[in-house]
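Undergrad: Please see the structure below; I have some questions.
The values are calculated or read from the model by the stated rules, or taken from the named source; none is laboratory data. Since this is a predicted model, take the numbers as computed values, not measurements. Here the Cβ positions follow ideal geometry from the backbone for every residue, glycine too, while neighbour counts run over all protein chains shown. Please note that ligands, DNA and RNA were not included when accessible areas were found on the heavy atoms of the full protein model with its side chains. Shrake-Rupley method; radii C 1.70, N 1.55, O 1.52, S 1.80 Å.
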Amino acid sequence: MTYSIILCSLWVVASTIVALLPMRYQYVPGVSLLIAAPILIVWIGYDHGWFWSFLCVAGFVSMFRNPLIYFYRRARGEHPDIPK
């Protein structure tokens, strides 16, 4: 088994644990997972092919749709509300 699959499995476990935390405690670990995900996706694409990388991107966008929508709105100059 390659290191990319092992690290991605650990990323999935970490993201599941972060999802179980209350919302106010999710920000710091969630942002670090959000930053680490594209690196792991490119690594999977390099090791196993771009088809698998595409599937990982689809899962990533599905899991992080709310933070991605927030950052998209911030980039457009809007000021979206943050849940309490």
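Undergrad: Could you list, in sequence order, all residues of segment 47-66 that are in a helix (DSSP H, G or I) and either touching a helix residue (DSSP H, G or I) at 6+ places or on another chain (Cβ under 7 Å) or in contact (Cβ under 8 Å) with a residue 12 or more places away in the chain (or both)?
TA: Within segment 47-66, Asp47, His48, Trp52, Ser53, Cys56, Val57, Phe60, Val61, Met63 qualify.
Undergrad: Still on this structure, I have one more. Test each condition in (1) outside any loop (DSSP other than H, G, I, E, B); (2) open to solvent by 60 Å² or more (accessible area, probe 1.4 Å) for Leu34 and report the one that comes out false.
TA: Leu34 satisfies all of (1) outside any loop (DSSP other than H, G, I, E, B); (2) open to solvent by 60 Å² or more (accessible area, probe 1.4 Å) except (2).
Undergrad: OK, next. Condition first: surrounded by 10 or more Cβ atoms within 10 Å (Cβ to Cβ) and either free of Cβ contacts under 8 Å to residues at least 24 places away in the same chain or of a type in the set (D, E, K, R) (or both). Now tell me which residues in segment 67-84 satisfy that.
TA: Leu68, Ile69, Tyr70, Phe71, Tyr72, Arg73, Arg74, Pro80
Undergrad: Separate question: Out of all the residues in segment 67-84, which are among the basic types (Lys, Arg), within 19 Å of Gln26 (Cβ to Cβ) and not in a helix (DSSP H, G or I)? Write out each step before concluding.
TA: So the first thing to find is which residues in segment 67-84 are among the basic types (Lys, Arg), and the list is 73-74, 76, 84.
Still in the list and also within 19 Å of Gln26 (Cβ to Cβ): 73-74, 84.
Selection gives Lys84 alone.
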